[in-house]
1. Being without any contact (Cβ under 8 Å) to a residue 40 or more places away in the chain and in contact with a helix residue (DSSP H, G or I) (Cβ under 6 Å, 6 or more places away or on another chain) is the filter; apply it to the stretch 61-78 and report the residue that is surrounded by the fewest Cβ atoms within 10 Å (Cβ to Cβ).
2. When residues of the stretch 89-112 are filtered for being assigned to a helix (DSSP H, G or I), out of contact with any strand residue (DSSP E or B) (no Cβ under 6 Å at 6 or more places or on another chain) and touching a residue at least 24 places away in the same chain (Cβ under 8 Å), how many remain?
3. Would you say R130 is crowded, with 16+ Cβ neighbours inside 10 Å, of a type in the set (D, E, K, R), closer than 24 Å to R15 by Cβ and touching a residue at least 40 places away in the same chain (Cβ under 8 Å)?
4. Just to confirm my filter: which strands (runs of 3 or more DSSP E) fall fully inside the stretch 1-84 and include at least 1 residues that are of a type in the set (K, R) and over 18 Å from G115 (Cβ atoms)?
5. Is it the case, given these coordinates, that S99 is of a type in the set (S, T, Y) and at pLDDT 95 or above?
6. Would you mind stating whether V54 is within 20 Å of V131 (Cα to Cα), of a type outside the set (K, R) and touching a residue at least 12 places away in the same chain (Cβ under 8 Å)?
7. Of R38, R47, R118, which residue is over 16 Å from V5 (Cα atoms) and out of contact with any Asp or Glu (no Cβ under 8 Å at 6 or more places or on another chain)?
8. With the condition kept exactly as written, say whether any residue in the stretch 12-22 is surrounded by fewer than 20 Cβ atoms within 10 Å (Cβ to Cβ), at pLDDT 95 or above, of a type in the set (V, I, T) and in contact with a strand residue (DSSP E or B) (Cβ under 9 Å, 6 or more places away or on another chain).
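The values are calculated or read from the model by the stated rules, or taken from the named source; none is laboratory data. Just so you know, these numbers come straight off a predicted model, no measurement behind them. We place every Cβ from the backbone using ideal geometry, glycine too, and count neighbours over all the protein chains shown.
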Amino acid sequence: MPREVLCRLPAALGRAQSTFARTGGLHAAGLFTSRGDRMVVAEDVGRHNAVDKVVGWAFLGDRDLSDSVLMVSGRAGYEIVQKAVVARIPMVCAVSAPSSLAIDVADEFGITLVGFLRGSRFNVYTHPVRVAGFGRAITSR
């Protein structure tokens, strides 16, 4: 995934958060293609529920997620990474921090984990080969 596409994901997720725009009180999760095209976005009071909604949408539609990215509006806990593993989503991005257990799970199961994705900056914690220009896990500049 090109860096510039990756950096556009938080704004694309935010534009699809109609209830958050009115209330300021919901989390969101979205599935995007590796080109940055939005597949689906869901909102919920719980970030895990929002992830369940987008993964459920994909399963019900028998969609192949092998070329997708899961973007979440909050932290990336290990449960979110586990859901990506089960759904065969190769990349998880979050606007906030991943937990240390999320990093361990992502590393073990080959998931690219990106955190603190804000503006033009982000951290790649595991399997950076899916981010163009990154050969190892580093902080972007």
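1. Taking the candidates together, the pick is Y78.
2. 4
3. It is true that R130 is crowded, with 16+ Cβ neighbours inside 10 Å, of a type in the set (D, E, K, R), closer than 24 Å to R15 by Cβ and touching a residue at least 40 places away in the same chain (Cβ under 8 Å).
4. 38-44
5. Against the criterion (of a type in the set (S, T, Y) and at pLDDT 95 or above), S99 qualifies.
6. So V54 fails the test.
7. Of the residues listed, the single one that is over 16 Å from V5 (Cα atoms) and out of contact with any Asp or Glu (no Cβ under 8 Å at 6 or more places or on another chain) is R47.
8. no
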